[in-house]
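Notes follow once the structure below has been shown.
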Amino acid sequence: MTTFSVLVIDDEEDFVTTLVNRLQKRKIEAQGVTSGEAALEALAKADFDVILLDIKMPGGMDGIETLREIRKRQPQAEVILLTGHASVETSIEGMNLGAYDYLLKPVKLEDLLVKIAAAYEKKSTQDKS
Amino acid sequence: MKRQLYRRLRLQIIGLTLVVAITPLVLLGGAIYNQFARAHEARIEDQMRLLANSQSSAVEVFLRERTNLLTMLVETHAFEQLANQAFLMDLFERLNRHSDQLGLVDMGVIDNTGLHVSYVGPFNLKGFNYEQQPWFGEVMTKGKYVSDVYMGFRLFPHIIIAVRGRTGEHQWILRATIDLDMLNRMVSTAQAGRIGDAFIVNATGIYQTKPRFEGAILDNSNIDPKAFSQGATIVTKKDQGAITYYFAGSWLKNKNWLLVIRQQTDDEVGGLLHTRNTVILIIALGVLAIIITTIFITNIVVRHLEAAHQELDMLSSQLVQSEKLAALGKMATGIAHEINNPLAVIGEKAGWMKDLLEEEEFKNSSNLKEYLSSVAKIEEHVERARKITHNMLGFARRMEPRLDDVEVNRVVDQTIELLSNHARIQNIEIRKAYHSALPIIASDQSQLQQVILNLMNNAVDAIGSNGQIEVATALENNHIFIHVKDDGPGIPKELQRRIFDPFFTTKPTGRGTGLGLSISYSIIAKLGGTLSFQSEPGKGTTFTVSLPVVTPEKK
């Protein structure tokens with residue numbers, strides 16, 4: 001089984017740690033950060049296949065800004081927007097900036113895993129071509 | 001309340017218009033009539049004045065001719081000739097033969113002692129002495145005399161003309177009696193119309209000719225001749241109740257007699273009455289036309305106003321409804337977003353617990369089953385809460401409808417298919433009555449399906465079990481109508497106003513979010529249509545979706 005790396009960015013620490021634990025338990029290389037700034041540090045250290053990004057993060061960089069940086073630094077990574085606070089406009093903006101998909105919290109882990117797998121699938125086919 | 005307002009408005013408009021329109025008409029009519037009446041009166045007065053003048057002239061001429069005749073006789077004959085009875089008789093007969101219009105009844109000669117020396121005529125007056133008669137002295141001094149009507153020796157009203165003759169120093173008198181009938185006839189030709197009168201009075205107001213109606217010669221006429229100045233012909237008026245009398249008087253120039261013409265309103269004024277009636281008729285017809293037109297126009301205007309007001313009311317209630325939805329939607333979105341994050345944490349924590357319970361050390365725990373079922377319950381209720389918040393966000397979502405080519409009948413049919421199993425279990429019959437030739441329209445198929453599904457679900461829930469739902473489509477006025485009719489208990493009157501409000505539900509807790517109808521309402525509004533309902537408690541409810549027929553663009 002191919003493993004791939006996932007970065008979870010969300011200001012809700014409880015959410016990040018738990019989701020990272022659950023992904024790791026499913027043999028996915030997952031890492032979590034709770035701000036846009038921390039995310040940029042993580043991106044500087046390692047490459048990621050799929051990034052889960054919260055759009056609304058109060059204080060510091062918000063999701064859309066973070067997304068722009070991600071697209072600059074690791075354009076190969078597929079980004080899934082995952083938020084409880086989405087307005088339609090920001091979601092559309094995110095999709096226009098090249099996000100792979102958009103999911104509204106709370107999401108069942110099974111559904112999330114399907115999306116992550118699909119995003120990774122897309123990334124791998126693009127890498128090959 | 002509103003009806004009263006319009007009734008008052010209607011009365012105000014009608015009242016004001018009538019006053020403004022009718023007042024000038026009546027004033028104008030009155031002024032014209034008044035002007036006409038004055039002109040008419042002036043004309044009557046002119047006519048009467050003319051008549052009085054000409055009549056008095058005629059009488060003057062009549063008297064002057066007779067006086068001149070007698071004067072000529074005394075100038076051309078000697079006293080002895082005329083005092084001869086036979087000569088006088090011969091002369092009188094010849095005069096009368098010469099003219100039957102002479103109007104002399106008799107003729108006599110009186111000497112300077114007052115003795116009637118010769119006489120021809122119907123009365124036997126020869127031998128009477130006139131010395132004591134008041135006129136005898138007057139003739140002797142003035143030479144000519146025309147009497148007023150008086151009784152005299154014959155005790156019968158008559159008028160005499162007397163002239164003085166002179167033979168040397170001897171003065172004598174030729175006297176003749178005027179035919180009073182002839183004078184009467186002459187004056188009566190001026191008795192105009194049905195009740196007009198003409199007569200002569202002397203200086204003290206005594207009738208000298210017979211008036212047409214009441215009174216006889218020598219009666220007092222009750223006319224004050226002093227009111228008529230000398231030499232002029234003037235008209236006076238005397239009002240007696242409704243009748244106005246007009247008197248035109250003209251003094252004779254050679255005799256202090258007043259010729260009077262009398263007229264009264266309802267005779268001479270007949271023409272005027274006709275005119276007045278015509279004016280009144282025209283004004284009445286005008287007023288009637290104005291009243292009818294005013295009421296007609298006012299009714300049209302007020303009806304239009306009322307309709308516009310009603311439409312405005314409807315629009316504003318729709319506006320209120322959509323504003324309410326927008327405000328509640330905003331609030332709902334806020335709440336949903338705030339709840340979504342904690343829900344996500346709860347969900348993840350529960351999931352993590354489930355993951356951990358699969359590990360070896362927990363597998364032997366005697367309470368494993370309890371833990372697992374508790375975690376499952378938590379997940380189940382997170383899912384339930386998630387549905388609510390996502391529904392709320394869906395309600396508030398302002399996504400533009402995606403326009404597809406929609407076959408309404410097919411969409412309705414597919415939606416019914418989704419529910420048919422559930423309905424069959426509840427023993428609910430679904431009847432379809434589709435319009436056979438609905439056009440394909442540009443609309444959002446999935447949103448429309450969501451609305452119909454919601455209406456069908458509500459119908460099924462309303463009936464419970466054992467009932468009937470009728471789904472019909474129709475085409476009218478360039479709109480497609482979808483009717484969903486159930487035979488459930490209906491919506492109570494007091495709740496009907498609130499059924500489109502978000503979070504309003506009559507379903508048991510956990511069964512309905514209270515968002516279905518308000519979402520449906522918003523969706524249909526965005527698609528350019530309307531969602532309405534009719535409900536009769538105890539009989540059932542019909543929801544009606546109306547969609548404009550928008551022809552899809554050719555691709």
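The values are calculated or read from the model by the stated rules, or taken from the named source; none is laboratory data. Just so we're clear, the structure is a prediction, and the values are computed from it rather than from any experiment. Counting neighbours? That spans all protein chains shown, and the Cβs are built from the backbone with ideal geometry, glycine included. Please note that ligands, DNA and RNA were not included when accessible areas were found on the heavy atoms of the full protein model with its side chains. Shrake-Rupley method; radii C 1.70, N 1.55, O 1.52, S 1.80 Å.
Key figures
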read-out: Complete set of residues in region B:313-337 that are within 14 Å of another protein chain (Cβ to nearest Cβ) and among the hydroxyl-bearing types (Ser, Thr, Tyr); value: B:THR333
read-out: Only listed residue being surrounded by 19 or more Cβ atoms within 10 Å (Cβ to Cβ) and not basic (Lys, Arg), chosen from B:GLY165, B:GLY137, B:GLY114; value: B:GLY165
read-out: Qualifying residue in region B:338-351 (condition: modelled with pLDDT under 80, within 8 Å of chain A (Cβ to nearest Cβ) and closer than 30 Å to B:ARG498 by Cα); value: no
read-out: Qualifying residue in region A:57-66 (condition: part of a helix (DSSP H, G or I), within 14 Å of another protein chain (Cβ to nearest Cβ) and either open to solvent by 40 Å² or more (accessible area, probe 1.4 Å) or among the small types (Gly, Ala, Ser) (or both)); value: yes
read-out: Matching residues, region A:87-123, being open to solvent by 70 Å² or more (accessible area, probe 1.4 Å), closer than 26 Å to B:LYS354 by Cα and more than 14 Å from every other protein chain (Cβ to nearest Cβ); value: A:VAL114
read-out: Where a residue in region B:141-163 is in a loop (DSSP other than H, G, I, E, B) and its partner, wherever it lies, is not aliphatic (A, V, I, L, M), with Cβ under 6 Å and at least six apart; value: B:GLY143/B:ARG164; B:SER147/B:TRP135; B:ASP148/B:ASN202; B:VAL149/B:PRO157; B:VAL149/B:GLN208; B:PHE153/B:PHE128; B:ARG154/B:PHE123
read-out: Among the residues listed as B:LEU91, B:LEU102, the single one being in contact with a helix residue (DSSP H, G or I) (Cβ under 7 Å, 6 or more places away or on another chain) and open to solvent by 10 Å² or more (accessible area, probe 1.4 Å); value: B:LEU102
read-out: Candidates A:LYS115, A:LYS72 - the one that is more than 25 Å from B:ASN340 (Cα to Cα) and of a type outside the set (A, V, I, L, M); value: A:LYS72
read-out: Residue that is nearest to A:GLN76 (Cα to Cα) [pool: residues in region A:29-56 that are open to solvent by less than 40 Å² (accessible area, probe 1.4 Å) and within 13 Å of another protein chain (Cβ to nearest Cβ)]; value: A:LEU52
read-out: Selection count where residues are open to solvent by less than 40 Å² (accessible area, probe 1.4 Å) and within 30 Å of B:GLN310 (Cα to Cα), scope region B:1-59; value: 4
read-out: Matching residues in region B:343-387 - criterion: being buried (at least 18 other Cβ atoms within 10 Å of the Cβ) and of a type in the set (Val, Ile, Thr); value: B:VAL345, B:ILE346, B:VAL375, B:VAL382
read-out: Any chance A:THR3 is touching a Lys or Arg at 6+ places or on another chain (Cβ under 9 Å), of a type outside the set (D, E, K, R), more than 14 Å from chain B (Cβ to nearest Cβ) and closer than 30 Å to B:GLU359 by Cα; value: yes
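Each row is one residue, and each column tells you yes or no for (1) closer than 21 Å to B:THR541 by Cβ; (2) buried (at least 17 other Cβ atoms within 10 Å of the Cβ); (3) under 59 Å from the mean Cα position of the chain (by Cα).
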| position | (1), (2), (3) |
| --- | --- |
| B:GLU407 | no, no, yes |
| B:ILE425 | no, no, no |
| B:ARG431 | yes, no, yes |
| B:ASN458 | yes, yes, yes |
| B:GLY467 | yes, yes, no |
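Residue-by-condition table, conditions (1) in contact with an Asp or Glu (Cβ under 9 Å, 6 or more places away or on another chain); (2) over 14 Å from B:LEU547 (Cβ atoms); (3) within 14 Å of chain A (Cβ to nearest Cβ); (4) without any contact (Cβ under 8 Å) to a residue 40 or more places away in the chain:
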residue: B:THR415; (1), (2), (3), (4): no, yes, no, no
residue: B:ILE430; (1), (2), (3), (4): yes, yes, no, no
residue: B:ILE441; (1), (2), (3), (4): yes, no, no, no
residue: B:LEU448; (1), (2), (3), (4): no, no, no, no
residue: B:ILE463; (1), (2), (3), (4): yes, yes, no, yes
residue: B:ALA474; (1), (2), (3), (4): no, no, no, yes
residue: B:PRO489; (1), (2), (3), (4): no, yes, no, no
residue: B:PHE504; (1), (2), (3), (4): no, yes, no, yes
residue: B:LYS507; (1), (2), (3), (4): yes, yes, no, no
